[in-house]
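J.: Below is one structure. I have some questions about it.
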Amino acid sequence: MSAKIEETTGGGLLTAYRGRKGVFSQVMGKFGMLFVLIGMIILMSFLSDSFLVTQNLINIVRQISFIGIVAMGVTMVIITTGIDLSSGSVIALVSVVVASMAQPGEYPLIVPLLTGLAIGAFAGFVNGFITAKGKIPAFIATLGMMTAARGLALLYSGGRPIANLSESFMYIGKGAILGIPFPIIIFILLGVISHLLLSKTKFGKYTYAIGGNEQAAKIAGVNVDRYRIMIYAYAGLLAAIAGMMLTARISSGQPSMGVMYELDAIAAAVIGG
């Protein structure tokens, strides 16, 4: 009898241990990178007295806001099992075109802004169209766009920076509202919009459906090609926004802008889960 009791107790303890281990694994799998981030913040606060200063933290968030915006679009693309290697080059193309139109006295501010958004959305549309309708792998399609957009940026600018931007345009990269830099405000706003798109709309549900099982999504009546094109267009749109803000931040359009941004955005999306 006592042996049976011990066996039962031991089995119960083992089951409880495995249960706790499973919960721990789930928590670490979901929040592991957050714990790493918190650990790094604690470590840096000990290594430098100026790290946890408000202005330094604001500067850090402002710096990551540009890549963060690109990463939101890349995240949606990756959810559909795609990839976008053209983000950095789209940023450069948008940068030089918008900078040439944002000269003092040239055009109202809305003109370069809408032009930049149109360029980014069109580049994303082309990526999505080639991938969806042409059945070209996303890696190849976006790699081609990466080369094409960078080449167009160099041709358009003659390989030289375009400076002398208007004050109203530079505000979107250097301005602040209630002490909060404008890029951070746009970053947070786009984060909320992207979250709502993914979690509360048909667009988001179909995005997950396409990534989960494209064939099943087609059978369920989802127009996979159309939504894939929309997803890539949205990613291009966000890259354009990041490009315009970065151009305004450094006060010039640069054909070399955005180099390796696509890999940083992909890394951010993957590490973020």
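The values are calculated or read from the model by the stated rules, or taken from the named source; none is laboratory data. Predicted model, so just to flag it, every value in this text is computed and none were measured. No Cβ is skipped: glycine too gets one built from the backbone with ideal geometry, and neighbour counts run over all protein chains shown. Each accessible area value is taken on the protein alone, full model and side chains, heavy atoms only, with ligands, DNA and RNA left out. Shrake-Rupley method; radii C 1.70, N 1.55, O 1.52, S 1.80 Å.
J.: Being over 16 Å from residue 81 (Cα atoms), in contact (Cβ under 8 Å) with a residue 24 or more places away in the chain and open to solvent by 70 Å² or more (accessible area, probe 1.4 Å): is that true of residue 208 here?
T.: Answer is no for this residue.
J.: For residues in region 66-86 being more than 8 Å from the chain's Cα centre (by Cα), in a helix (DSSP H, G or I) and among the aliphatic types (A, V, I, L, M), which is nearest to residue 145 (Cα to Cα)?
T.: 77
J.: Report yes if residue 118 is under 25 Å from the mean Cα position of the chain (by Cα), closer than 24 Å to residue 231 by Cα and open to solvent by less than 50 Å² (accessible area, probe 1.4 Å), otherwise no.
T.: So residue 118 does not fit the description; no.
Yes/no per residue for (1) at pLDDT below 95; (2) in a helix (DSSP H, G or I):
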| position | (1), (2) |
| --- | --- |
| 8 | yes, yes |
| 31 | yes, yes |
| 42 | yes, yes |
| 49 | yes, no |
| 59 | yes, yes |
| 89 | no, yes |
| 93 | no, yes |
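J.: Further question on the same structure: Which one of these is at pLDDT 95 or above, open to solvent by less than 90 Å² (accessible area, probe 1.4 Å) and under 26 Å from residue 108 (Cβ atoms): 153, 163, 176, 148?
T.: Step by step, each of 153, 163, 176, 148 is checked, and only 153 is at pLDDT 95 or above, open to solvent by less than 90 Å² (accessible area, probe 1.4 Å) and under 26 Å from residue 108 (Cβ atoms).
J.: If you go through region 260-271 one residue at a time, do you hit one that is acidic (Asp, Glu) and buried (at least 23 other Cβ atoms within 10 Å of the Cβ)?
T.: Yes: one or more hits.
J.: Might you let me know whether region 187-201 holds any residue that is closer than 16 Å to residue 96 by Cα, open to solvent by 50 Å² or more (accessible area, probe 1.4 Å) and not in a strand (DSSP E or B)?
T.: no
J.: I'm checking my understanding of the structure. Among residues of region 217-236 that are assigned to a helix (DSSP H, G or I) and either open to solvent by 50 Å² or more (accessible area, probe 1.4 Å) or basic (Lys, Arg) (or both), which one is nearest to residue 161 (Cα to Cα)?
T.: Looking at the filtered set, the residue picked out is 230.
J.: Identify, from the list 95, 89, 100, 48, the residue that is out of contact with any Asp or Glu (no Cβ under 9 Å at 6 or more places or on another chain), in contact (Cβ under 8 Å) with a residue 40 or more places away in the chain, open to solvent by less than 40 Å² (accessible area, probe 1.4 Å) and among the hydroxyl-bearing types (Ser, Thr, Tyr).
T.: 95
J.: A follow-up question, please. Specify the residue that is farthest from the chain's Cα centre (by Cα); the eligible residues are those in region 128-142 that are of a type in the set (A, V, I, L, M, F, W, C) and surrounded by fewer than 17 Cβ atoms within 10 Å (Cβ to Cβ).
T.: Applying the filter and picking the extreme gives 136.
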